[in-house]
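See below for the structure under consideration.
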Amino acid sequence: MNKIRVHIDDRPLKNGSAFRGVGEYTRNLIKALSKEESLSIVMANENPDIVHYPSFDPFFLTLPILKKKPIVVTVHDIIPLVFPEHFPPGIRGNIKFQIQKISLGNAAAVITDSENSRKDIEKYLGCPEEKVFVIPLAPAGEFKQLTISNQRLAVWERYKLPDRFILYVGDVNYNKNILGLVGAFSKLKSQNLKLLLIGKAFENRELPEVKVTLQLIEELDLVNEVKVLGFVPTKDLVEIYNLATVYCQPSFYEGFGLPVLEAMACGCPVVAANTASLPEICGNAARMVDPHDVADIALGLEEVSEDEKMRRDLIRKGLKQAGKFTWEKVARETIGVYEKVLSRK
């Protein structure tokens, strides 16, 4: 059988998505597919059998109108359509959305990260069920439990980390519920826990979401209790996950929630919101909380950080849960979608 020749649009590696989940997905997908013998990754001008667009933005023109080859599009989530009041597109955005919707409708297949996102794609974008394939993401191989204490000390020193801390990694958009996390942290009874916020977006102090977060930290008199970092390289991030007392994903909504699996793979117990795709991803391996209830988030964090039996149980279950998700599996299932598309030609 001839190798499938696929071109993967690598723009997410070159634009603002490079340090976000979409960039991470594109990078790991290319890496995983490169190891598969049944497929070769080619340039756009090398006559591919199929073209894969690894991201979709409802309000920006990222897909072609005219298609010379069958295209596959990965739609991670459509959060701007679920929360339109928090992501206003404007007139131009609305026009682009109509064009993007038509382009997506002409795609041969759509890949998404979770069953929850699949339902959204069918509801908001009108994609027929038989055209949408769920392929869950996976933590990169670097995310694992560490035992080398010297490494830990080096990262501790470099970032001036507290002894015990709650960790959040990700973006600052409305759906991430950072304000809820800060509010919950302010209610903790434990005096020896700090909060560490990590993400490229936190570097932009002019971003409205960042401004509001920093303002709340100040209003609640938590300036010395909350540490805000920007982008952290993967090697350091792995070590920080290993050091964290608890990881928290308090999102109102997630298309997937990859940091949850990264934390689990590093042996860090997880507190996660009981909404959207997160119950799907976490299984029984996290303490689930109501993201709309600050007191409930605080209670979850208190229990996981103080109850040693619960911590050990969540760490064990988390390692097992994270082990179910691999990039080899993502690559195989993605090739399966390519094969289905080409068999229809």
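Derivation of every value follows stated rules applied to the coordinates shown; laboratory data play no part. Keep in mind that this is a model prediction, so the values were computed, not measured. Reconstructed Cβ throughout: ideal geometry from the backbone, glycine too, with neighbour counts over all protein chains shown.
Structure summary
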{"read-out": "Counted residues, the stretch 221-235 - those being within 21 Å of GLN191 (Cα to Cα), touching a strand residue (DSSP E or B) at 6+ places or on another chain (Cβ under 9 Å) and either touching a residue at least 12 places away in the same chain (Cβ under 8 Å) or of a type in the set (A, V, I, L, M, F, W, C) (or both)", "value": "5"}
{"read-out": "GLU85 being surrounded by fewer than 16 Cβ atoms within 10 Å (Cβ to Cβ), of a type in the set (Asp, Glu), out of contact with any Pro (no Cβ under 9 Å at 6 or more places or on another chain) and within 28 Å of ALA201 (Cα to Cα)", "value": "yes"}
{"read-out": "Residue within the stretch 307-323 that is touching a Leu at 6+ places or on another chain (Cβ under 9 Å), more than 28 Å from PHE252 (Cα to Cα) and in a helix (DSSP H, G or I) present", "value": "no"}
{"read-out": "Flag for LYS31 being touching a residue at least 12 places away in the same chain (Cβ under 8 Å), of a type outside the set (S, T, N, Q) and farther than 27 Å from LEU237 by Cβ", "value": "no"}
{"read-out": "Out of TYR174, TYR168, sole residue that is in contact with a His (Cβ under 7 Å, 6 or more places away or on another chain) and more than 30 Å from TYR338 (Cα to Cα)", "value": "TYR174"}
{"read-out": "Test result for ILE335, surrounded by 22 or more Cβ atoms within 10 Å (Cβ to Cβ), of a type in the set (A, V, I, L, M, F, W, C), at negative phi and touching a strand residue (DSSP E or B) at 6+ places or on another chain (Cβ under 8 Å)", "value": "no"}
{"read-out": "Long-range neighbours under 7 Å by Cβ, at least six apart or interchain, first residue without any contact (Cβ under 8 Å) to a residue 40 or more places away in the chain within the stretch 60-74, second of a type in the set (Ser, Thr, Tyr)", "value": "PRO64/SER103; ILE65/SER103; ILE71/TYR53; VAL73/TYR53"}
{"read-out": "Boolean, ARG205 is exposed (fewer than 13 other Cβ atoms within 10 Å of the Cβ) and of a type outside the set (Ser, Thr, Tyr)", "value": "yes"}
{"read-out": "Among residues of the stretch 14-61, those that are of a type in the set (S, T, N, Q) and either crowded, with 18+ Cβ neighbours inside 10 Å or touching a helix residue (DSSP H, G or I) at 6+ places or on another chain (Cβ under 7 Å) (or both), counted", "value": "5"}
